[in-house]
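Reviewing the structure listed below.
The values are calculated or read from the model by the stated rules, or taken from the named source; none is laboratory data. What you are looking at is a predicted structure, and each value in this text was computed from that prediction instead of being measured. So basically every Cβ, Gly included, is an ideal-geometry build from the backbone, and we count neighbours across all protein chains shown.
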Amino acid sequence: MTEQPAILFDGVVYGMGDLSADFSFRREAGSVTAILGPSGAGKSTLLNLAAGFLNPAAGRIVLDGREVAGLAPSERGISMVFQDNNLFAHLDIRTNIGLGLDASLRLDATAWMQVEMALERVGLAGFGNRMPSTLSGGERQRVALARAFVRRRPLLLLDEPFDGLGPGLAADMLGLMLEIRSEVGATVLMVTHDPDEARAAANEILFIAKGRIAADAPEAGFFERRDLPDLQAYLGSTAGN
């Protein structure tokens, strides 16, 4: 019997007409997939469908062998890190991470110790009482990664989380994300606009164009392909980034 994939999109349709998206793919547990494509192609739509922030008009989404139609994001076994890190400005860092474990913050001493360990893991030991406004952009992204780490969910969704951080800091954050992914054993879908980021992190690529998967292939040799005009046009548009 074939093992259940970690992620299955089976004829998933969202929207209508020129604004529609149609996705079918599968990913095995532990894989890291970079999702690339032009602006407006549907990359974030795919991620939001997996997360449960959008509901498909047709098709099935199966995560770790469980069809998730009708399940809220909190019930899907996912962690998600956004570009804007989604921290609550009025709550300190420790509380922001604790919300990843329990939205009601009914946490015992062991859970709060997990929060402290997550802060230490991302290099922010002693930052628990700080407010988000006192942190740099890179530090706020470290907090978001700590929250994902403490949740230890089997599926990690990343929506351009390192965009705007600068090349050196983005590379550091990417390396930290991969270390955390390895420790948790998570399967990763990562939206990025940066081919170099995809090369460094992913073993598989989904290239999205006009709401469709134009290519689904291993990373090795993908960016050298000449049979995908949309890919070559995209690479040309990002060459100066």
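For segment 58-73, what are the residues that are assigned to a strand (DSSP E or B) and under 17 Å from L189 (Cα atoms)?
I61, V62, L63 - these are the residues of segment 58-73 that are assigned to a strand (DSSP E or B) and under 17 Å from L189 (Cα atoms).
Out of all the residues in segment 154-168, which are buried (at least 20 other Cβ atoms within 10 Å of the Cβ) and either modelled with pLDDT of 80 or more or under 14 Å from S31 (Cβ atoms) (or both)?
Those that are buried (at least 20 other Cβ atoms within 10 Å of the Cβ) and either modelled with pLDDT of 80 or more or under 14 Å from S31 (Cβ atoms) (or both): L155, L156, L157, L158, D159, E160.
Would you confirm whether any residue within segment 50-57 is buried (at least 18 other Cβ atoms within 10 Å of the Cβ), assigned to a loop (DSSP other than H, G, I, E, B) and on the phi > 0 side of the Ramachandran plot?
Scanning segment 50-57, I find at least one residue that is buried (at least 18 other Cβ atoms within 10 Å of the Cβ), assigned to a loop (DSSP other than H, G, I, E, B) and on the phi > 0 side of the Ramachandran plot, so the answer is yes.
Look at segment 1-47 and say how many of its residues are more than 25 Å from Q232 (Cβ to Cβ), part of a loop (DSSP other than H, G, I, E, B) and of a type in the set (A, V, I, L, M, F, W, C).
4
Working only within segment 203-221, note down all residues that are in a strand (DSSP E or B) and not β-branched (V, I, T).
E204, L206, F207, A209, R212, A214, A215, D216, A217, P218
Does E67 satisfy being farther than 30 Å from V143 by Cβ and acidic (D, E)?
yes
Which residue pairs have Cβ atoms under 6 Å apart, sit 6 or more places apart or on different chains, and have a first residue in segment 222-233 that is part of a helix (DSSP H, G or I) and among the aliphatic types (A, V, I, L, M) and a second that is at pLDDT 80 or above and surrounded by 10 or more Cβ atoms within 10 Å (Cβ to Cβ)?
L231/F207
State whether one or more residues within segment 169-187 are in contact with a strand residue (DSSP E or B) (Cβ under 9 Å, 6 or more places away or on another chain), charged (D, E, K, R) and surrounded by 12 or more Cβ atoms within 10 Å (Cβ to Cβ).
yes
Can you name every residue in segment 30-49 that is crowded, with 18+ Cβ neighbours inside 10 Å and not polar (S, T, N, Q)?
Correct list: V32, A34, I35, L36, G37, A41, G42, K43, L46, L47, L49.
Could you check segment 85-131 and list, in sequence order, the residues that are among the polar types (S, T, N, Q), exposed (fewer than 12 other Cβ atoms within 10 Å of the Cβ) and not in a helix (DSSP H, G or I)?
S104, N129
Rundown of residues vs (1) polar (S, T, N, Q); (2) over 26 Å from F223 (Cβ atoms); (3) in contact with a His (Cβ under 9 Å, 6 or more places away or on another chain), yes/no style:
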{"position": "Q4", "(1), (2), (3)": "yes, yes, no"}
{"position": "Y14", "(1), (2), (3)": "no, yes, no"}
{"position": "F23", "(1), (2), (3)": "no, no, no"}
{"position": "R27", "(1), (2), (3)": "no, no, no"}
{"position": "A34", "(1), (2), (3)": "no, no, no"}
{"position": "T45", "(1), (2), (3)": "yes, no, no"}
{"position": "A51", "(1), (2), (3)": "no, yes, no"}
{"position": "G59", "(1), (2), (3)": "no, yes, no"}
{"position": "A69", "(1), (2), (3)": "no, yes, no"}
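If I go through segment 132-160 residue by residue, how many of them are assigned to a helix (DSSP H, G or I) and touching a residue at least 12 places away in the same chain (Cβ under 8 Å)?
17
Taking the conditions exactly as written (of a type outside the set (S, T, N, Q), surrounded by 15 or more Cβ atoms within 10 Å (Cβ to Cβ) and closer than 20 Å to S24 by Cα), does A69 satisfy them or not?
Considered against the rule, which asks whether it is of a type outside the set (S, T, N, Q), surrounded by 15 or more Cβ atoms within 10 Å (Cβ to Cβ) and closer than 20 Å to S24 by Cα, A69 comes out as no.
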